[in-house]
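Structure first, then comments.
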Number of protein chains: 2
Amino acid sequence: MEFSQSRIVWDGKWRVRVDTFRLADGRLYERGAIEHPGAVVLVPVMMAEDGVRAVLMLRQYRPALGASILELPAGTRESDEPWLTCAQRELREETGFRAAEMSPLGEVWAAPGLSNERMAIYLATSLTADPLPMDVDEQIAVESWPLDELVAMAVDGRLEDAKSVVGILRAARHLAAAE
Amino acid sequence: MEFSQSRIVWDGKWRVRVDTFRLADGRLYERGAIEHPGAVVLVPVMMAEDGVRAVLMLRQYRPALGASILELPAGTRESDEPWLTCAQRELREETGFRAAEMSPLGEVWAAPGLSNERMAIYLATSLTADPLPMDVDEQIAVESWPLDELVAMAVDGRLEDAKSVVGILRAARHLAAAE
């Protein structure tokens, strides 16, 4: 398979590159790849009055799905924005809170078969109100969920967003190890 | 925000749709969305001679990353292909095994901020050799890993592929519950 040419077919919040190859039999083969600046995923945890750990989740309309889903706060990094700056900005925009502590929970590739989007996950704790305005195209409601229930949902399939399953299960293990 | 027009900027193994909106101040705003036929993720588990559960993982070169990563076998669904047919086909193509049992472990959205890709995860057991040829553009090596070690890697961040973290942690819980 011999490389032939590369072109950008769309350039916006992320870019779409299409590479063309010539196969051994002479036919052309096209492969698409998303060039993405990366994203942050937040697991904002607070202690409720009854001593239960609660996570701030979003009920968010996703135009690509044509539906609203339950997911952790997350957002795309601006081109050269430092990861922790992005994490704090997205947390404030989407939940209205700032975190005094941000603990890294590792990074994951979102969809490596088609995109170089890398997601950096943070446990966000010691939260205080400090909102920023939302992005122009976001429709979001914040919901508070017990961490234990989210862990059960991540495992049994009720939580359907991949990054949220990863974030919730890593956060639960991190918090349990710290006790 | 008023919808203006929609166009397809690339159509291949998946499609890229760009929707244009007119903002209240008159400016145009473009939003991209990947239209994806869906994918399967396999967790192929066999019992090793020492009684340890082993998972068949792939060390796969990913052109979108320019690097090889460790991940579960997975693959894109052909347009109207039934999910279980796709699961068995991808398992045979990528690992050379067929599964007599496929247990569903739920579904997840891979990257709902930009794509409607839905991933159906299956625990694949009772494996027997029955290979199919690989896709023209795949570079894959199969590796056998202890399930317990993969669980630790999924939680501590060494496993960096989101769908694989979800698949491994759900499979481990499913197998533990069945004992």
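Before we move on, is residue B:104 free of Cβ contacts under 8 Å to residues at least 40 places away in the same chain, buried (at least 21 other Cβ atoms within 10 Å of the Cβ) and either assigned to a strand (DSSP E or B) or in contact with a helix residue (DSSP H, G or I) (Cβ under 9 Å, 6 or more places away or on another chain) (or both)? Before the answer, list the steps.
Working: free of Cβ contacts under 8 Å to residues at least 40 places away in the same chain: yes; buried (at least 21 other Cβ atoms within 10 Å of the Cβ): no; either assigned to a strand (DSSP E or B) or in contact with a helix residue (DSSP H, G or I) (Cβ under 9 Å, 6 or more places away or on another chain) (or both): yes.
The answer is no for residue B:104.
Give the residue, chosen from A:144, A:103, that is of a type in the set (S, T, N, Q), away from chain B (no Cβ under 13 Å) and either within 16 Å of the chain's Cα centre (by Cα) or under 30 Å from residue B:1 (Cα atoms) (or both).
Working: A:103 fails: away from chain B (no Cβ under 13 Å).
Sole residue among the options that is of a type in the set (S, T, N, Q), away from chain B (no Cβ under 13 Å) and either within 16 Å of the chain's Cα centre (by Cα) or under 30 Å from residue B:1 (Cα atoms) (or both): A:144.
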Qualifying position, being touching a residue at least 24 places away in the same chain (Cβ under 8 Å), at negative phi and within 14 Å of chain B (Cβ to nearest Cβ), among A:169, A:123: A:123
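Taking region B:115-127 as the region of interest, how many residues are over 16 Å from residue B:78 (Cβ atoms) and assigned to a loop (DSSP other than H, G, I, E, B)?
The initial filter retains those residues of region B:115-127 that are over 16 Å from residue B:78 (Cβ atoms), namely B:115-116, B:121-127.
Restricting the remaining residues to those that are assigned to a loop (DSSP other than H, G, I, E, B) gives B:116.
Total satisfying the criteria: 1.
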Elements of type strands (runs of 3 or more DSSP E) in region B:1-90, at least 2 residues being more than 9 Å from chain A (Cβ to nearest Cβ), touching a helix residue (DSSP H, G or I) at 6+ places or on another chain (Cβ under 7 Å) and within 24 Å of residue B:102 (Cβ to Cβ): B:39-47, B:53-62
Residue match in region A:137-160 (condition: of a type in the set (Lys, Arg) and either buried (at least 24 other Cβ atoms within 10 Å of the Cβ) or assigned to a loop (DSSP other than H, G, I, E, B) (or both)): yes
Region B:107-119, residues that are closer than 28 Å to residue B:177 by Cα and either in contact (Cβ under 8 Å) with a residue 60 or more places away in the chain or more than 7 Å from every other protein chain (Cβ to nearest Cβ) (or both): B:110, B:118, B:119
Residues satisfying the stated conditions in region B:128-170, i.e. farther than 14 Å from residue B:73 by Cα, of a type in the set (Gly, Ala, Ser) and out of contact with any Gly (no Cβ under 8 Å at 6 or more places or on another chain): B:152, B:154
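In region B:51-61, how many are over 13 Å from the mean Cα position of the chain (by Cα), under 14 Å from residue B:140 (Cβ atoms) and surrounded by 14 or more Cβ atoms within 10 Å (Cβ to Cβ)? Quick ask: steps written out before the conclusion?
Pass one, region B:51-61, residues over 13 Å from the mean Cα position of the chain (by Cα): B:51-56, B:59, B:61.
Subsequent filtering for residues that are under 14 Å from residue B:140 (Cβ atoms) retains B:56, B:59, B:61.
Then drop every residue that is not surrounded by 14 or more Cβ atoms within 10 Å (Cβ to Cβ), which leaves B:56, B:61.
Of the residues in that region, 2 qualify.
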Residues (closer than 23 Å to residue A:84 by Cα and β-branched (Val, Ile, Thr)) located in region A:35-66: A:40, A:41, A:43, A:45, A:55
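A short reminder: the numbers here are calculations on the coordinates, not readings from a lab. Quick caveat: nothing in here was measured; it's all calculated off a predicted structure. As a convention, Cβ positions derive from the backbone with ideal geometry for all residues, glycine included, and neighbour counts pool all protein chains shown.
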